[in-house]
1. Could you rank the peptides 107-120, 24-37 by their average count of other C-beta atoms within 10 Å per residue, with the highest value first?
2. Compute the semi-axes of the equivalent ellipsoid of segment 42-198, taking the square root of 5 times each eigenvalue of the Cα gyration tensor, and list them largest first in whole Å.
3. For segment 64-70, in order, what is each residue's ³J(HN,Hα) by Karplus, 6.51 cos²θ - 1.76 cosθ + 1.60 with θ = phi - 60°, in whole Hz (x at glycine and Pro)?
4. Long-range amide H contacts for Ile51: which residues qualify at under 5 Å (H placed 1.01 Å from N, peptide plane, sequence gap of 5 or more or a different chain)?
5. What is the angle, in °, between the Cα long axis of helix 198-209 and the longest principal axis of the Cα atoms in the chain? Nearest 10 is fine, range 0 to 90.
6. Give the accessible surface of the chain per residue, rounded to a whole number of Å², with probe radius 1.4 Å and ligands, DNA and RNA excluded.
7. Give me, ordered by chain and number, the residues 5 or more places off Ala72 or on other chains with an amide H under 5 Å from its own placed amide H.
8. What is the spread of the Cα atoms of segment 15-56 along each of their three principal axes, largest first, in whole Å?
Amino acid sequence: MSATHVVTGAASGIGREVALRLRDRGARLLLPVRSHQRVEELTPVFPEAEIVVVDLADPGAVLAAPECPEVASVTHAAGVVELGRVGDLSTEDWQRQLAVNLVAPAVLTRRLLPGLRAARGTVVFVNSGAGLRANPDWAAYAASKFGLRALADALREEEREQGVRVTSVFPGRTATPMQRKVHDQEGQQYDEARWIRPETVAEAILSAIDAPEDAVIPEITIRPR
């Protein structure tokens, strides 16, 4: 049996593009999604994939995600964003963004580590420009992404001798449903032609997964032209 590729956020945006490319290669896919509705939506697109409901906002649910004997790659592409000033953000806004954007990738990676070690697999954390610089109104989201970079850096060194590779990808603004929501929150008109295509970011992610075994790509930064 071939090793499994795990992709979160496969319902839209960058995660969907990564999953589509892996599907077209005939890869074995495990796709955690947030609801049974998502399962119904994705099954016709990924008929051979194992699609399971995992609430990424609930660490207990993430910990119960299926294990895989061998994991070729994990792409953490799911994420949520809620803009607001520190003085205005609710506790729930902080908790949800930290849970989905940081805690869930950590817990899911821990769950899959035995399979990653067995396959000498690759973990890709889809970060953000907000993981490198925090601007006004972005405190909670940026904090989750700064933490995600720390998680990736620590994991890379911890698992180096086990053969597990870890890559952080820092896309600038990308034409995804999340970006449309960000524009709505910012009160700006959304024009997807201004931003990076999710297909472009997916190709960068695949380049990290496909890198020769003698190398690791620690970080990839992508910006709109």
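1. Output ranking for 107-120, 24-37: 107-120, 24-37.
2. 28, 18, 16
3. For segment 64-70, the Karplus curve yields 8, 4, x, 8, 9, x, 9 Hz.
4. The list, which skips near neighbours in sequence, is Leu31.
5. Once rounded, one gets 40 degrees.
6. 49 Å²
7. Residues meeting the criterion, in which the H sits 1.01 Å from N, are Thr4, His5.
8. 27, 19, 15
The values are calculated or read from the model by the stated rules, or taken from the named source; none is laboratory data. Source: prediction; values computed, not measured. Methodologically, a virtual Cβ is constructed for each residue, glycine included, from the backbone with ideal geometry; neighbour enumeration extends over all protein chains shown. All accessible areas refer to the heavy atoms of the entire protein, side chains included, with ligands and DNA or RNA removed. Shrake-Rupley method; radii C 1.70, N 1.55, O 1.52, S 1.80 Å.
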